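Below is one structure, written out as structure tokens; comments come after it.
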Amino acid sequence: MLGPDPEALTRQVAAFPRPPDEPRFERADALLDGTYAELSASWYSELRRLADAYAAGDLLREDVLAHAEAVPRFPLGPAEESDDEQTAALREAAALVDEVGAVSAWYDDLLALLDPPPSALSLDERLLHGFGYALAHGLFLGARTPEQVVRRLRVAYRSVGVRLDEAETDGETERTTFTCPYRNVAAGRCGERRVCHEKLDRVDDGYVTYLAERDIDYQRPRACGGGQCFSEVRQEPPDRWWPATAPAAVDGADDAD
């Protein structure tokens, strides 16, 4: 199977730090506006279902990743406003319940499996990523805004035979929906869409890395179960949130101020 090892993913999902059945959890979760309880209930149940479906070969990695990225969030605000009430609430919740910090570490490990850094990729995937990263220097030369970036992307899509179906703007997000001719490459041997999304799209991951260094968030093609794919480009949001930002990281930011 292309993508993360199913057993490793199943083990990581099973290691979720469940909230303690004690009054102190209720106090901590109240400080977090109920985020921990929401995370450990329906979101986690769906994560387990998706991980099981991935292990059975019924889903792609990106299907699990999309749900992982949709985790309930407790916003902390920009780093320069690290003394706000929500940051203080996260600190207090973490002092009450150790699992508040443990969830952040668990979530970080989950994302590392589902969206690994280039250094963790196979040799062929690293080569594709490096090719995309090098290509991005020419493709996006002089592009500073999501509008400029997405225009270049659409040219790149067309140049490799991708049919653009819809282009729309939602606030600061530029979204492109398209039909990809490569979804069935080696489908009989590896499964539908797997080579396209787990191998060929590593070139797009090179674009992601390049643009992230310039504070542009490019969500590369995904979610093409119905025959169409989409990608999104937007300005990188400045806010932080738990569990993506650990309580210890918030404290470290304060100490550095």
Discussion item. For segment 57-80, check the following and say yes or no: at least one residue is in a strand (DSSP E or B) and at pLDDT 95 or above.
Written reply: yes
Response to the item:
Quick count over segment 1-37, residues being of a type in the set (A, V, I, L, M) and touching a Leu at 6+ places or on another chain (Cβ under 8 Å), is 6
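Yes or no, residue by residue, for (1) acidic (Asp, Glu); (2) assigned by TED's automatic domain parsing to the domain that holds ILE216:
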{"position": "LEU76", "(1), (2)": "no, no"}
{"position": "GLU85", "(1), (2)": "yes, no"}
{"position": "LEU96", "(1), (2)": "no, no"}
{"position": "GLY101", "(1), (2)": "no, no"}
{"position": "LEU110", "(1), (2)": "no, no"}
{"position": "ALA134", "(1), (2)": "no, yes"}
{"position": "HIS137", "(1), (2)": "no, yes"}
{"position": "VAL150", "(1), (2)": "no, yes"}
{"position": "THR173", "(1), (2)": "no, yes"}
Fill in: Meets criteria (surrounded by fewer than 17 Cβ atoms within 10 Å (Cβ to Cβ) and over 29 Å from ARG193 (Cβ atoms)) for ASP58
no
Worksheet entry | Matching residues, segment 83-93, being under 12 Å from ALA30 (Cα atoms) and touching a residue at least 24 places away in the same chain (Cβ under 8 Å) | ALA89, LEU90, GLU92, ALA93
Worksheet, complete the sentence: Restricted to segment 156-211 and to residues being hydroxyl-bearing (Ser, Thr, Tyr) and in a helix (DSSP H, G or I), the residue nearest to the chain's Cα centre (by Cα) is THR209
Worksheet entry | Residue selected from segment 212-257 under the condition under 15 Å from the mean Cα position of the chain (by Cα), modelled with pLDDT of 90 or more and among the aliphatic types (A, V, I, L, M), by the criterion surrounded by the most Cβ atoms within 10 Å (Cβ to Cβ) | VAL233
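Check LEU90, LEU47, LEU111 and return the single one that is touching a strand residue (DSSP E or B) at 6+ places or on another chain (Cβ under 7 Å), of a type in the set (A, V, I, L, M, F, W, C), assigned to a helix (DSSP H, G or I) and closer than 18 Å to PRO17 by Cα.
Only one candidate passes the filter, namely LEU90.
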Worksheet item: In segment 152-174, what residues are surrounded by 15 or more Cβ atoms within 10 Å (Cβ to Cβ) and over 18 Å from HIS197 (Cβ atoms)?
Response: ARG152, ARG154, THR173, GLU174
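The values are calculated or read from the model by the stated rules, or taken from the named source; none is laboratory data. These figures come from a predicted structure and were not determined experimentally. For neighbour counting, all protein chains shown are included, and Cβ atoms are generated from backbone atoms with ideal geometry for every residue, glycine included.
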